[in-house]
Amino acid sequence: MVTGGPHPHLNPLPSRERGSLRTPPVRGNDIPNVNLFASYLTRKVAVGPSHISGKGIIAVQAIASGELVAVWGGHLITREDMQQLPPEVREHPVQVWHDLFVGPRTAAEMEPVDYMNHSCEPSCGVKGQIIVLARRDIAPGEELTFDYATTDTIGLDVECHCGAPSCRGRVTSDDWKDPAFQARNAGYMSLYIQEMIDEYQTMIASPLSPSGRERE
Ligand SMILES: [Zn+2]
């Protein structure tokens, strides 16, 4: 964990204009002018050195549990398209469906939100596919992280040095299949992964049903 106190080494994010809204405000949120960025990232953070890997997103103000911290945006990128991306960019798009990612296609399109690191005991988690909430209270100086295996089921196989007591040591595309992983991240799995888990559980609960599907 990064220690508390002032963070002169952190670069404040560019300020964003507050847009006018017709819809009710999201809890604990300041909606930016989304035209400036493809993604949303709370103004309570800055990009700075990470104890996990390279740069990370560090809180500079307290963030409450359940608060909206980010909304991932960018290009929609297929699995095939991913192979064409520059290697330094390829690790940043987030998988949002079985064969679909969202994020930058070039280094120039990288945004602050793209620096959110993985942790096996993350401070944030995904709701739906692109909404990122704080999973607990986050103090200034703490890094905002999520578990990459709660979103990605393709091409993920990296050593982990997150330093969490329960660090898995390796983060892979198959982690979502582990019931202990599912329990630990209940409520914070990408929608398409949760659907696969639910389908599998329906299948084993209804062994006489050939497909396991009994929905409309
Ligand atoms: Zn780890």
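Here, each number is a calculation from the coordinates, and none is a lab measurement. Note that the structure is predicted; figures quoted are calculated from it, not measured. All Cβ positions, even for glycine, are placed from backbone atoms using ideal geometry, and neighbour counts span all protein chains on display.
Give me the net charge of Pro104's neighbourhood, meaning all other residues with Cβ under 13 Å from the Cβ of Pro104; Lys, Arg count +1, Asp, Glu -1. Result for the local shell: -4. Once the dipole of region 56-214 is set up with Lys and Arg at +1 and Asp and Glu at -1 on Cβ about the Cα centre, which of Ile130, Ser206, Ala108 lies farthest towards its positive end? Towards the positive end, the residue furthest out is Ser206.
Which FRET efficiency value, to the nearest 0.05, is calculated for Lys127 and Gln84 with the Förster distance at 25 angstrom and r the Cβ-Cβ distance? Computed FRET efficiency for Lys127 and Gln84 comes out at 0.25. Which residues does a label at Gln201 reach in region 84-122, if reach means a backbone N under 13 Å from a point 7 Å past the Cα toward the Cβ? None, by backbone N distance to the label point. Taking the Cβ of Arg79 as the center, what net charge do the other residues with Cβ under 12 Å away carry, scoring Lys and Arg +1 and Asp and Glu -1? Residues near Arg79 contribute -3 overall. Here the dipole of region 48-128 is about 80 debye; that uses its Cα centre as origin and unit charges on the Cβ of Lys and Arg (positive) and Asp and Glu (negative). Under the rule a/c < 1.5 gives rounded, and otherwise a/b versus b/c splits prolate from oblate, where does region 11-204 land using the Cα gyration tensor? Taking the square roots of the gyration eigenvalues as a ≥ b ≥ c, region 11-204 is rounded.
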